[in-house]
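Below: the structure, in structure tokens.
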Ligand code: UDP
């Protein structure tokens, strides 16, 4: 690949959450293929967790390094070892986490003074608003890395402008997003909490800062590809300056080791078992059920998911993330002999799964997902049709995108979202019958199901082309590098 004329050095700084660190480290690998230097800045525990990226870089002669900066979690009352949002169990702590991350500004500035080659730009995810001030101080451009789609960005922009949702009273009142080419229907209760009702003053000020820093950034990188959502990409390009669609970044992971090492450590043994089991299944027969790194799912909801999967009679892999794997859930699995009952047909993985590895397996025929954008895009680039089970934040936008825009999935039927951390510990969004019905519908061998599978396959093909040499995302990354070079002559 092209070697840049001047030694460029990209500083990448993700918010300390799996859905920010994972795509940004993937992007680091893609970027380094262009011969530029890339430094990923994060906290010590996250640096430790992601250190395999450095091993990978050395093996591939790429100039990537991970630099840890102190994160004052305990000074802000966060639990010891809490350096990633996947260890937060209450919305209350989000503000503290955000404030603690602001304290990384001074160490980052000190680091920049010492770094060689001198940093050419900062790419950070949108909540790290203070990185804009750092960029200003060193007279280098800052780009925002968006971990959501152009569809979501544009529809939220429309709602901000029209405030149409403010005319609704009840959570179940519904409305259509105006001025878009698809019929996108929301209930008021499906909107993210901040656009549904007035947030606390603290949260308001956080949203305000994010918006302001967005306006100051030189450009915006989006983990999507132009062919996936052309109308929304064009529309969003009219809202903000310099949009670069550079995804799907997860496709940079080609080797099995890279996929297993992505994010939290997956258990290799468990994965060998899982892969052997998948090998023994018929193509496209298995449902993979995973709900990301943040969803707190109540015990009662877990039971409904488990019973729904069981009654579907479809082979499945069900991932129960660490914080959801409570003693109550463990006891239920044990007392009910759940794993014994589904033996041979169903597999429960406790903790973390190598998601992109599993999704790329030929036996996987459906993805029961919470509709986080990374998971959605990973489902799309693997060509797997999806059951949309959104719970909070922008996940409902992704549901509409999967079902109504791309037509590669079915809704499970959630009408009102939980708040981010699902503080209602007894909350049940869908029951076992809804889970079973959605699985039956998705795996149906009839015309509708076939059409969905065909479209999903075509999109996967398009996503791979986008990231290959001369594909749209490849060219957009090149344009980004040129923009950074150009900006150094302007600032
Ligand atoms: N992920 C994974 N294994 C798991 C759970 C999640 O590899 O067991 C990865 C997934 O591939 C995705 C990210 O974690 O890249 C989750 O991001 P997403 O935006 O889907 O959801 P969030 O975690 O923010 O809810």
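The values are calculated or read from the model by the stated rules, or taken from the named source; none is laboratory data. Values in this document were obtained by computation on a predicted structure and should not be read as measured data. We place every Cβ from the backbone using ideal geometry, glycine too, and count neighbours over all the protein chains shown.
Assorted remarks:
- Cβ-Cβ under 6 Å pairs, at least 6 apart or on other chains, the stretch 142-153 side within 25 Å of residue 487 (Cα to Cα) and part of a strand (DSSP E or B), far side modelled with pLDDT under 95 and within 15 Å of the ligand (Cβ to nearest atom): 144/126
- Residues satisfying the stated conditions in the stretch 62-89, i.e. within 16 Å of the ligand (Cβ to nearest atom) and at pLDDT below 90: 86, 87, 88, 89
- Boolean, residue 136 is at pLDDT 95 or above, exposed (fewer than 15 other Cβ atoms within 10 Å of the Cβ) and either part of a strand (DSSP E or B) or touching a helix residue (DSSP H, G or I) at 6+ places or on another chain (Cβ under 9 Å) (or both): yes
- Residue in the stretch 214-224 that is more than 21 Å from residue 27 (Cβ to Cβ) and buried (at least 16 other Cβ atoms within 10 Å of the Cβ) present: no
- Search result, residues across the stretch 7-28 that are part of a helix (DSSP H, G or I) and either more than 10 Å from the ligand (Cβ to nearest atom) or within 19 Å of residue 260 (Cβ to Cβ) (or both): 18, 19, 21, 22, 23, 24, 25, 26, 27, 28
- Close contacts from the stretch 323-348, counting a first residue that is surrounded by fewer than 15 Cβ atoms within 10 Å (Cβ to Cβ) and a second that is part of a helix (DSSP H, G or I), with Cβ to Cβ under 7 Å and a gap of 6+ residues or different chains, come to 328/299; 339/333; 341/310.
- Listed by position, the strands (runs of 3 or more DSSP E) inside the stretch 320-439 whose residues that are within 12 Å of the ligand (Cβ to nearest atom) number at least 2 are 346-350, 364-369.
- Residue match in the stretch 276-288 (condition: within 11 Å of the ligand (Cβ to nearest atom) and crowded, with 16+ Cβ neighbours inside 10 Å): yes
- Across the stretch 265-272, not a single residue is classified as part of a strand (DSSP E or B) and within 16 Å of the ligand (Cβ to nearest atom).
- Residue in the stretch 302-312 that is more than 30 Å from residue 416 (Cα to Cα) and more than 10 Å from the ligand (Cβ to nearest atom) present: no
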